[in-house]
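Okay, structure first, notes after.
Each reported figure results from applying straightforward, stated rules to the coordinates on display, with no laboratory input. None of these values were measured; they are calculated from a predicted model. Cβ placement follows ideal geometry from the backbone for every residue including glycine, while neighbour counts extend to all protein chains displayed.
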Amino acid sequence: MPSAARYRLYSLAALYALPYVAMLCFCARHGSKPRSVLALLATTALVSLLLAGCTRTWRRFFLAYFPLLIVSIAYAGYALVYGIVPGRTLGLVLLSATSEEIRGLLMLWPHKWLLLPLVAAPAAYLWLAWRLPEWPIFAGKANFAARAILVLTLPVTAYAASSTVQLVDGIALNPVAGSVMFFAGQLPRTRAELRGAFVEKLPFHATPVTAEEVHVLIVGESARRGSWSIYGYQRPTTPYLERVKDELILLRHVTADANLTALAVPMILTGIAPQELAGQALHGNLLDVAKEAGYTTSWLVNQDIKVSTSIGITPDHLEYPPEMRLDLWGRNVSDGELLGAYRRELTRAGSPRFIGMHVMGSHWEYYRRYPPSFQRFGQTPQLTPMSIGLRGQSRDQAVLDSYDNSVLYTDWFLEQVIEAARKLRVPVTVTFVPDHGECLSALDQGLAGHGGAQYNVSEFQIPALVWVNDYYRRSHPQQVAALKDNAAKQIRSHDFFYTVADLMGVTWPQAKPERSFASERFVPDTSGAMLVGGVLQSHP
C-alpha cells in the first residue's frame, strides 16, 4: 500500500468518524445514559458494516458515504450548538419559517466562523475519496476486524435494548440513523400537526362574507389589568392607549376563564366555556369559521405553537419566527418580530382578511419581553429563573419594575398594530384579549405568577379592548353601539370567539348572539365557572 494513499485512507477515516466523535462529546456534555451511548456505538458499527458490505472497496465506501457525511455533519453540528438533537423544534422552523427568516437566523448565529470548516471538511473528504485506489475492504486483518466488530455489537445491542427509551435515544444520537428518524418520522408528524391532522373538525356551515374587511385579534399573555394605567394604575404603563382612548371600546370587567395558557387560549378561540371544556371535544376554531365565510386567514405566533396546533389552527398563512434556544420560561424572541409579517398580511388586498396573533406579552421572565430601550421603570434586573418564588422587598420591586416595562412594550406593540391598520381604507377592527392575568408579590399578598390552585384575583382580572376605524363605524353602527353598551358589563374570555365572529359579520346555524358583546342580545355569563390550576371551580 503506497504511503500517500495510506495517509489518504487514514484522513478519510478521521473525517468519517468526526460526526460520531462530536456526538460522543454531546453525550458527555449532557449526561447521556450508558445504554444510549452503547446504542450510538452499536448503530455506528452496524451502519458502517452494512455500507461496507454493499460497496466492498474503500473508494466506493467513502464515495457512497459522502451524502450521509453532509447530513451527519449538519446533524451533529445542530446538536452541539443547540444542546438537543434535531426534532420538533427544527421541524417547525423548516416547515413554518420563511427562507428570509432562516437566512437571518444563520446571519445572527454567533458561531458563523464554523461555517468555513464545515464546508471545507466535506470538500477535502470528497477530494481524498476520489483519489483513493480501489482497495478491497474485507481482506486480511480488515476481514477479521469486521467479524470481531459484528460479534461484539450483538451483546452490546442486546444490553442497550434492555431499556427501550435509552435504546431509542441512542439511535437518535447516531447522525445517520437520527437523520432518518427526523426526516421519515418527526418531520411528517410536525407537518401533520401544522395541518391540523390530529383534530377532528366539523363544518360550521358559515354564511359567506363578500365585503372586504380586515379583522385583527391579538391574544396576549399574563396581562394583569391592575398594572395597566388606562385602568387607573399609577405608573404610566400604557401611554399610547391613553392618547387614543376615545377611539377605543375599553372593556371594564373581563374575567379570564382559566389561569393556564393551555386551557385559556382554546376557550378564547373556540367559545367553549370552562364547564364544557373537560367533556367536549374541540371540533373547530375561529379561523375555521372565518375561512368558511370566505376570509383569508393568517396566524402569527410568538408562543408555544402547541397551544395553536392542539385546537387545529390551520391558517392560510402561518408566521412562526425561529427560536432555537427555548428554555423553561418559553421563547426569547420579542413580539416585535411579528410586525413585519403583520404589515405584509395587511397588504393582501381584494378579500376579507382575518389576522390573528398569539404573543408572549408579559410572560415570565418579564425582563426578557422587551428591548433595553423599554427599561423605563427601575434598573436592569439581575434575576435568576428561580427568583420568582423567593421573597425580599428589593427583589419584589425589581420584578414589579420589569413587569411594568413589559406592559409598556405591549402598549408600544398595540400602537404599531393599530397605526398600521389605520392606513387601510376598508372597515377594520383590532381586538386585544390576554389569556389570563398575573400575580406580583409586591402587589398581591406575596403571590407570584399564575396557574396554581392557590390564586389571587389578579390572575383572572384582565384588560381587553376593541379598536374600530371610521370605515367600520359607518358600515356597522349596530355592532359599534352594542360594543359601547356592553363595555361595562361582565365579559368572559370565551365570549370573544362569538364576538370577533360577529364583528366579521360571520353567521352560522349554531352561532350564539347572546354570547357576543357586539350584539344587543348579549347576556353576561354569571355562572362564575373558572378553571383554577386546571380544576373547575365556581366563584361569584
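Counting 0.36 nm for each residue step from VAL81 to ALA139 and taking away their Cα separation leaves a gain of 16.9 nm. Calculated [222 nm] ellipticity per residue, helices only, for the chain: -14500 deg cm²/dmol; basis is -39500 (n - 2.57) per DSSP H run with n ≥ 4, divided by all residues, nearest 500. The 3J(HN,Hα) values that the Karplus relation (6.51, -1.76, 1.60; θ = phi - 60°) gives for the range 446-452 are, in residue order, x, 6, 9, x, 6, x, x Hz. Gly and Pro appear as x. The Cα-based radius of gyration of the range 243-352, divided by its Kirkwood radius, gives an Rg/Rh of 0.99. So for the chain, considering every pair of alpha-carbon atoms, how many percent are separated by more than 41 Å? It works out to 35 percent of all Cα pairs.
By the count of neighbouring beta-carbon atoms within 10 Å, fewest first, CYS27, CYS54, CYS439 end up ordered CYS54, CYS27, CYS439.
Please find the FRET efficiency linking TYR231 to ALA488, where r is the Cβ-Cβ separation and R0 is fixed at 22 Å, and quote it to the nearest 0.05. About 0.95, to the nearest 0.05.
Loop-located chymotrypsin sites (Phe, Trp or Tyr not before Pro) in the range 497-540 (DSSP state other than H, G, I, E, B) with a sparse environment of at most 15 neighbouring Cβ atoms within 10 Å are absent.
Antiparallel as a % of all DSSP beta bridges within the chain, to the nearest 5?
So the antiparallel bridges in the chain amount to around 40 percent.
With the biggest extent put first, the Cα atoms of the range 396-540 measure 48, 36, 22 Å across the principal axes. For the range 197-225 and the range 465-527, what is the separation of their C-alpha centers, rounded to whole Å? So the two Cα centres are separated by 14 Å.
Restricting attention to the chain, the count of lysine pairs at 8 or more positions apart or across chains with alpha carbons under 29 Å apart stands at 15.
In terms of other Cβ atoms within 10 Å, SER516, SER334 run from fewest to most in the order SER334, SER516.
Each of PHE496, SER406, ALA464 was scored by the projection of its Cα onto the charge dipole of the range 381-523, and the greatest displacement toward the positive side belongs to PHE496; charges sit on the C-beta of Lys, Arg, Asp and Glu.
A simple charge model with +1 on the Cβ of Lys and Arg, -1 on the Cβ of Asp and Glu and nothing else charged puts the dipole of the chain at about 2280 debye relative to its Cα centre.
Sorted ascending by nearby beta carbons within 10 Å, beginning with the fewest, TRP58, TRP299 become TRP58, TRP299. The gain in end-to-end length when the VAL165 to ALA197 segment is fully stretched comes to 8.9 nm, 0.36 nm per residue minus the alpha carbon separation. Between ALA262 and ALA124, what FRET efficiency comes out of the Förster formula 1/(1 + (r/R0)^6) with R0 = 56 Å and r the beta carbon distance, rounded to 0.05? So, using R0 = 56 Å, E works out to roughly 0.70. Cα convex hull, the range 177-233: 234 Å³ per residue, rounded to a whole number.
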